[in-house]
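A short worksheet on the structure shown next.
Each value in this text was obtained by applying a stated rule to the coordinates, not by laboratory testing. Being a predicted model, the structure only gives us computed values, none of them experimental. Here the Cβ positions follow ideal geometry from the backbone for every residue, glycine too, while neighbour counts run over all protein chains shown.
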Amino acid sequence: MCQDLAAVRTAVEARLDVHETACASAGRRCRFFEDCSKQRNRDEVANAEVVVAAHQALYSGFAVDAGSLAAMIIDEGFWASALQEDRRFDLETLAHDLLGHSLGRREGAVADLHDLRRRAVTAFAEVGPVSRTALLRAGLNAETCRLAAGLEARRIKGPGLYPGMPLCDRKRAAARVAVNARTHDLIGLWNAMANLVEGTTEFDSRLLRTSGNEVIVSGLRAIHPTLRDKPILHLDATLRPGLALRVLPGLEVVEAEAAMPHMELHLVAGSFGKGVLCPDPALSATEAQRRANRLEEVVTYVRWLARRLSPVLVVTYKDCEDAFAGIPGVSTGHFNAIAGLDGYRGVRLLVVVGRPLPSDLALAPLSRALFGHRPAGGYTTRLSGIRMRDGSSRAVRVAAHEDETAEIIRAAISDDEVLQAIGRGRGVNRTAMNPLEVHVLADVALPLVHDRLLAWEAVRPDLFQRMLLAGLAVDSPGDALLLHPGFFPGSAAAEKAFQREGFGGHFPIRDLYREMSVKSAAYRRLGRGRSWQRAWWIDGDDKAAIERLEAALGHLAAWRDDG
């Protein structure tokens, strides 16, 4: 809404009130003030009884009198917005960083700070989490660290920002803002060291020396001071108390499990990761074809389900979402872009393909910032239990992290995103008149009641399904080759495909196959010695089936309808 975002960004970086330094104060105004949509929005917020805002407002506060706010309701998944960007310090330059800028009139301030900085560099000699012992050995106790933070703070000077500031003056002010911002980073470094030596733990991975000769300070943003005393109701269908409590330390957890008797959940166990399904231009031809084949199988599985139930929502990875987009009656979405959407409450079938899985590298900084913990180990597979509707439990093999803390974060990113996807179908609101069927193709163990647990090998689309979806299935490999030449490179391949699928030259199918009603008939081709063969199809009547057969095989000698 703002027409001068550069001014706003400068004010934010300076940690100053945006309205007073960029919009209007002391008789000065931004040149866009009179027609500013943001100013109209401020008035609307001030006069509103209910305000809906992004999670970030928890840490920035509202541009209205906080005394007018009675309470806050926080929606799910807010913990990730509390993560603070890592502050990085190069050990080769740390001792001298910004020491050329004045520290005021205190005699010897620069020399004292330079000495303290050199001690810090010495304490950061070992790669990994900085140790309390190393800081104390370097002569850095809580008092000296707080002293250093106070010396750094002497460098901060007001940038003189004001609304309507000319561009040339703003550039000079921005340079001062940059110095102040870096100074705040340095103050944060000293405070992190003070907190470590004041505590009782030997290591805190929020303070980490990397192999790249850097020190990284991680942490979380705190709830804005004007909001901390407000009553907060945090509603989360995928609550992870261990994460939420890091940002809301006084949180009292009450669990309420909602029954979903009219949502049927099928878990299809197997491997459906990005490395199995998604294309990648860097892959070898062999690997690219392997992934393409597996993705085609999954698409065929969805096509088969969509013939039985419609409309359908498929949620999967962004990189392979388009593969499902052309299926009639199917809408698509991808992970990390479907939370909160309410437009799919009427779908009859919801299919989740895969699940997000953060890498070890991605989990490490999250674990440091949230828990001050550096994860050990890596991913493994293990057995986990799921609940069945009949009251029994079944074991499924899932991907999990060996480190307990990292596993909490992995589950919040991976499993909870699958739950978010399932939630788009609003199973809790379904009735016998509009039930919901959900298929999850992933190696996950969800805290939901399951109706069926199936192995992918047992439900993977077979040759018969592929032929039916192409219009017509037959029990003759030779006729199948003529009907569906794209399925087989030659007659020998057709014979082998029939044998591999276990049909042995015929299909023991009558009226129903994998929950789909099929029609069938017997036919005999022209020519001496021709035997009777069988054909199956889903749509159309005998006439349409005969026309399709004769278009590929020539005129038929006989047709015998099963009806």
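Some notes on this structure:
- Note on residue 185/residue 47: beta-carbon distance plugged into 1/(1 + (r/R0)^6) with R0 of 51 Å gives a FRET efficiency of 0.85.
- Cα centroid separation, the stretch 527-563 to the stretch 114-188: 83 Å.
- Which labelled figure in [x] 20, 56, 23, 1; [y] 16, 37, 29, 14, 4, 0; [z] 22, 58, 19, 1 is P(r) over Cα pairs in 20 Å bins from 0, in percent, once derived from the coordinates: [y]
- Dipole magnitude (debye, nearest 20) for the chain, charges at Cβ of Lys, Arg, Asp, Glu: 720
- FRET efficiency, 1/(1 + (r/R0)^6) with R0 25 Å, evaluated for residue 222 and residue 133 via beta carbons: 0.30
- Placing a label point 7 Å from the Cα of residue 262 along the Cα-to-Cβ direction, the residues of the stretch 425-446 whose backbone N falls under 19 Å of that point are 425-439.
- Counting 0.36 nm for each residue step from residue 290 to residue 57 and taking away their Cα separation leaves a gain of 79.3 nm.
- Here the contact order of the chain, divided by its residue count and restricted to Cα pairs under 8 Å and six or more residues apart, works out to 13 percent.
- The length gained by stretching the chain between residue 200 and residue 99 to full extension, at 0.36 nm per residue less their Cα-Cα distance, is 33.1 nm.
- For the stretch 429-563, averaging the sequence separation of C-alpha pairs within contact (under 8 Å, six or more residues apart) and dividing by the residue count gives a relative contact order of 22 percent.
- 538, 216 arranged by Cβ crowding within 10 Å, fewest neighbours leading: 538, 216
- Dividing the summed -39500 (n - 2.57) terms of all DSSP H runs of n ≥ 4 by the residue count of the chain sets its mean residue ellipticity at 222 nm at -10500 deg cm²/dmol.
- With a cut-off of 17 Å on the backbone N, the residues of the stretch 246-264 near the modelled label site 7 Å out from residue 230 along Cα-Cβ are 247-251.
- Cβ-to-Cβ counts within 10 Å put 330, 253, 130 in ascending order as 253, 330, 130, the fewest first.
- Counted over the chain, the DSSP beta bridges are approximately 55% antiparallel.
- Three-way shape call for the stretch 225-301 based on the alpha-carbon gyration tensor, with the a/c threshold at 1.5: oblate
- Cα gyration tensor shape of the stretch 340-413, rounded if a/c is under 1.5, else prolate or oblate by comparing a/b with b/c: oblate
- One decimal place: the segment residue 111-residue 492 gains 128.6 nm when fully extended, by the rule 0.36 nm per residue minus the C-alpha distance.
- Taking Lys and Arg as +1 and Asp and Glu as -1, the other residues whose beta-carbon sits under 12 Å from that of residue 1 total 0.
- Here the label points at residue 65 and residue 92, each 7 Å from Cα along the C-beta direction, are separated by 5.6 nm in the simple model.
- Cα shape, the stretch 168-216, gyration tensor, a/c 1.5 rule: oblate
- Spin-label pair residue 9-residue 336: with each label point 7 Å from Cα along the Cα-Cβ axis, the two points sit 2.2 nm from one another.
- If R0 is taken as 60 Å, the Cβ-Cβ distance between residue 35 and residue 500 corresponds to a FRET efficiency of 0.25.
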